[in-house]
Amino acid sequence: MSSSQKLRQLLAKPEIIVIPGVYDCLSAKLAENIGFDVVATSGFGIAASTLGLPDYGFLTATEMLYSVGRIAQSVSIPLIADLDTGYGNALNVTRTIKDAVQLGVAGVLLEDQEWPKKCGHFEGKRVISQAEHVLKIRAAVEARGDSGLVIIARTDARGPLGLDEAIARGHAYIEAGADILFVEAPQSVAELRAIAAAFPNVPLVANIVEGGKTPQISAAELQNLGFKIVFFPLTGLLAVTQTLTTCLTHIKEQGSTANFTDIVNFQDFQGLVGVPQFLQMEQKFLER
């Protein structure tokens, strides 16, 4: 079964899908080991971890697809890839989607921001016309062929143009063939409720960013409102940043890790990345 088929099976179930954001192979493997059914790449996280830069459109399509492809191959659960704006017009989207299918990605996000884009919870976002993004969604639907790739249409219109415009765009994007709708950065529970009411038969995404614009309500509450997917795109990145800061501060101040206990056992980490299996493979080849 392909990763896209696995994702579509999960979408057919009644429960909301809780999806953590990942930014490298290690974070994806941790999520899989913990028991998540799906992971999603965070463009914010990949920009920060690979370039040390903010989510301001600095990543090229090649850089993003390279990272996404490695992550998809490192786990057996479906991966949803944040592919920003598709990196150009409808023709560019065609190329981007075909590459994503070849990499084994299960689903993609395509947003309607102008390029260079920004994090959905930043100020100063600008969006392209509804008509232009409709063409991008149609191009993505055609480019996926019979792969089953799940297409998530994201609109960032709430910030610059208001909720009514975001809802209007959502209807147009679903009509163009998108499987799922993602209205980015609603600013209250009332707005979340209004989005759900406007799309009673459409799978909807809620995006919870700690310190961001959307209220931090639970997956159960979002399911009751009518949402199908909840992303926690930056939680892992922010937690790792805090933990690593604590660790490095301890080393700097103490000059030792002898009393630093908040750390994964070395043997356990070897198991996570597959050292025992590779040792067995190595031994098998040496015995031939």
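Inspect the range 239-247 for any residue being in contact (Cβ under 8 Å) with a residue 40 or more places away in the chain, surrounded by fewer than 13 Cβ atoms within 10 Å (Cβ to Cβ), of a type outside the set (D, E, K, R) and within 28 Å of Ile17 (Cα to Cα) and give the result as yes or no. Show your work before the answer.
Taking the range 239-247 and keeping what is in contact (Cβ under 8 Å) with a residue 40 or more places away in the chain, we get 240.
Applying the additional criterion that residues be surrounded by fewer than 13 Cβ atoms within 10 Å (Cβ to Cβ) yields none.
Checking the range 239-247: not a single residue is in contact (Cβ under 8 Å) with a residue 40 or more places away in the chain, surrounded by fewer than 13 Cβ atoms within 10 Å (Cβ to Cβ), of a type outside the set (D, E, K, R) and within 28 Å of Ile17 (Cα to Cα).
One residue is enough: does the range 184-195 have a residue meeting the conditions under 26 Å from Leu91 (Cα atoms) and either assigned to a loop (DSSP other than H, G, I, E, B) or open to solvent by 20 Å² or more (accessible area, probe 1.4 Å) (or both)? Even if it seems obvious, please write down each step before you answer.
To start, the set of residues in the range 184-195 that are under 26 Å from Leu91 (Cα atoms) comprises 184.
Those still in the list that are either assigned to a loop (DSSP other than H, G, I, E, B) or open to solvent by 20 Å² or more (accessible area, probe 1.4 Å) (or both) too: 184.
Yes, the range 184-195 contains at least one residue that is under 26 Å from Leu91 (Cα atoms) and either assigned to a loop (DSSP other than H, G, I, E, B) or open to solvent by 20 Å² or more (accessible area, probe 1.4 Å) (or both).
Hey, among the residues in the range 112-140 that are closer than 24 Å to Ile71 by Cα and of a type in the set (Lys, Arg), which one's surrounded by the fewest Cβ atoms within 10 Å (Cβ to Cβ)?
Filtering first and then ranking leaves Lys118.
When residues of the range 254-288 are filtered for being part of a loop (DSSP other than H, G, I, E, B) and either more than 31 Å from the chain's Cα centre (by Cα) or of a type in the set (Lys, Arg) (or both), how many remain? I'd like the intermediate steps shown before the answer.
Within the range 254-288, the subset part of a loop (DSSP other than H, G, I, E, B) is 255-265, 273-274, 287-288.
After this cut, where a residue has to be either more than 31 Å from the chain's Cα centre (by Cα) or of a type in the set (Lys, Arg) (or both) as well, the list is 255-261, 287-288.
Selection size over the range 254-288: 9.
Which ones in the range 214-230 are in contact (Cβ under 8 Å) with a residue 12 or more places away in the chain and open to solvent by less than 60 Å² (accessible area, probe 1.4 Å)?
Within the range 214-230, Thr214, Pro215, Ile217, Ala219, Leu222, Leu225, Gly226, Phe227, Lys228, Ile229, Val230 qualify.
What's the number of the condition Ala143 fails, among (1) over 20 Å from Glu184 (Cα atoms); (2) among the aliphatic types (A, V, I, L, M); (3) surrounded by 24 or more Cβ atoms within 10 Å (Cβ to Cβ)?
It fails just one condition, (3).
Evaluate the range 155-163: report whether one residue or more is assigned to a strand (DSSP E or B) and open to solvent by less than 30 Å² (accessible area, probe 1.4 Å). Full working, then the answer.
Step one: filter the range 155-163 for residues assigned to a strand (DSSP E or B), giving 155.
Okay, now just the ones that are also open to solvent by less than 30 Å² (accessible area, probe 1.4 Å), so 155.
Yes, the conditions are met somewhere in the range 155-163.
Could you grab me the full set of residues in the range 196-213 that are surrounded by 14 or more Cβ atoms within 10 Å (Cβ to Cβ), part of a loop (DSSP other than H, G, I, E, B) and among the small types (Gly, Ala, Ser)?
Of the range 196-213, the ones surrounded by 14 or more Cβ atoms within 10 Å (Cβ to Cβ) are 196, 198-199, 202-209, 212-213.
When the remaining residues are screened for being part of a loop (DSSP other than H, G, I, E, B), the result is 199, 202-203, 208-209, 212-213.
The one that is surrounded by 14 or more Cβ atoms within 10 Å (Cβ to Cβ), part of a loop (DSSP other than H, G, I, E, B) and among the small types (Gly, Ala, Ser): Gly212.
If Ile251 satisfies all but one of (1) assigned to a helix (DSSP H, G or I); (2) among the hydrophobic types (A, V, I, L, M, F, W, C); (3) closer than 30 Å to Pro200 by Cα, what's the number of the condition it fails?
Failing condition for Ile251: (3).
Taking the conditions exactly as written (over 17 Å from Ile152 (Cβ atoms), charged (D, E, K, R) and more than 16 Å from the chain's Cα centre (by Cα)), does Glu114 satisfy them or not?
Spelling it out, Glu114 is indeed over 17 Å from Ile152 (Cβ atoms), charged (D, E, K, R) and more than 16 Å from the chain's Cα centre (by Cα).
Looking at Glu221, Glu175, Glu165, Glu191, which one is over 24 Å from Lys117 (Cβ atoms), modelled with pLDDT of 95 or more and acidic (Asp, Glu)? Spell out the reasoning first.
Details: Glu175 fails: over 24 Å from Lys117 (Cβ atoms); Glu165 fails: over 24 Å from Lys117 (Cβ atoms); Glu191 fails: over 24 Å from Lys117 (Cβ atoms).
Residue meeting the stated conditions: Glu221.
The values are calculated or read from the model by the stated rules, or taken from the named source; none is laboratory data. This is a predicted model, so every value here is computed, not measured. Backbone-built Cβ (ideal geometry, glycine too); neighbour counts: all protein chains shown. When the accessible area is computed, the model is the full protein with side chains, heavy atoms only, and any ligands, DNA or RNA have been set aside. Shrake-Rupley method; radii C 1.70, N 1.55, O 1.52, S 1.80 Å.
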